[in-house]
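Engineer: One structure, pasted below without further comment.
Values in this text are rule-based calculations from the coordinates and carry no lab data. Computed from a predicted structure; not experimentally measured. Neighbour counts run over all protein chains shown; Cβ positions are idealised from the backbone, glycine included.
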């Protein structure tokens, strides 16, 4: 009887709280990670959820900086570049210093072949966010624009900055080698091609560039 009384006096075990639904930004990161594993079908389910959440927040006048950043980044991932511009312009009317959106605008204009507008946004991001999460990417796109428009010395500076910040991408080193080769900087071009091949020994274009110069 005493044991029964003790047991009945114990408080009931509290139920675990229900898990909170993922935010738009958390869904974006999940989708990005799945995309990196080439699981695009699963990634798009998360990206579509980002869009749904963001549209709901906007409709309720509850949109934050993260709302606009998440939808812009997601639309870039889905290659909906015209929509990036539409939402980016809307975001910057509310948060003119939301630099995540500014960088996404630069990418969208680049893929829409509007290099002048792309360069403007990328330089704006780079000037304001020298330690930003996507600063190396911004400099790479700046280099791409200068390469495409045949401003090879400018491209060299931009690519060099990009690989100094993030030296792990063979494409970036290859591009650096190509613009150095274009202006006749043989030894620096060789060094860039060699670094591309260290990172990716099967990089045929880098091997071809190196063979031309050697």
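Engineer: How much length is gained if the chain between residue 86 and residue 212 is pulled fully straight, taking 0.36 nm per residue apart and subtracting their Cα-Cα distance, in nm to one decimal? Display every interim value, and only then the final one.
Structural biologist: Working: separation 126, 0.36 × 126 = 45.36 nm, distance 4.48 nm.
Answer, rounded to one decimal: 40.9 nm.
Engineer: Between residue 194 and residue 40, 0.36 nm times their residue separation minus their Cα-Cα distance comes to what? Walk me through the numbers on the way to the answer.
Structural biologist: Working: separation 154, 0.36 × 154 = 55.44 nm, distance 3.25 nm.
This chain segment gains 52.2 nm when fully extended.
Engineer: Moving to a separate point now. Would you please give the FRET efficiency between residue 153 and residue 94, computed as 1/(1 + (r/R0)^6) with r the Cβ-Cβ distance and R0 = 30 Å, to the nearest 0.05? Display every interim value, and only then the final one.
Structural biologist: Working: r = 39 Å, r/R0 = 1.29.
After rounding, the FRET efficiency stands at 0.20.
Engineer: Between residue 202 and residue 32, with labels modelled 7 Å along Cα→Cβ, what's the label distance in nm to one decimal, could you check?
Structural biologist: About 2.7 nm, to one decimal.
Engineer: Between residue 20 and residue 56, what is the label-to-label distance in nm when each label sits 7 Å out along the Cα-to-Cβ direction?
Structural biologist: 1.5
Engineer: At 7 Å along Cα-to-Cβ for each site, give me the label-to-label distance between residue 65 and residue 165 in nm.
Structural biologist: Each label point lies 7 Å from its Cα, and together they span 1.8 nm.
Engineer: May I pose another question? Sort the stretch 40-120 into rounded, prolate or oblate with this rule: let a ≥ b ≥ c be the square roots of the eigenvalues of the Cα gyration tensor; rounded if a/c is under 1.5, and if a/c is not under 1.5, prolate when a/b is larger than b/c, oblate otherwise. Working shown, then result.
Structural biologist: Values: a/c = 2.42, a/b = 1.20, b/c = 2.01.
Because a/c hits 1.5 or more and a/b fails to exceed b/c, the stretch 40-120 counts as oblate.
Engineer: Turning to a different aspect of this structure: Which one, 58, 84, 179, has the greatest fluctuation when you compute a Gaussian network model over the chain with C-alpha springs under 10 angstrom?
Structural biologist: Comparing 58, 84, 179 in a Gaussian network model of the chain, the most mobile one is 58.
Engineer: With the cut-off at 1.5 for a/c, could you classify the stretch 134-214 from its C-alpha gyration tensor as rounded, prolate or oblate?
Structural biologist: Since a/c reaches 1.5 but b/c is at least a/b, the shape of the stretch 134-214 is classed as oblate.
Engineer: Need the C-alpha centroid separation for the stretch 19-43 versus the stretch 178-193, integer Å.
Structural biologist: Computed from Cα coordinates, the inter-centre distance equals 39 Å.
Engineer: May I have the convex hull volume per residue, in Å³, for the Cα set of the chain?
Structural biologist: Values: hull volume 42.0 nm³, N = 214.
It is 196 Å³ per residue.
Engineer: Mind checking the full-extension length gain between residue 182 and residue 117? Use 0.36 nm per residue of separation minus the Cα-Cα distance, one decimal, nm.
Structural biologist: Values: separation 65, 0.36 × 65 = 23.40 nm, distance 2.51 nm.
Result for the pair: 20.9 nm of gain on full extension.
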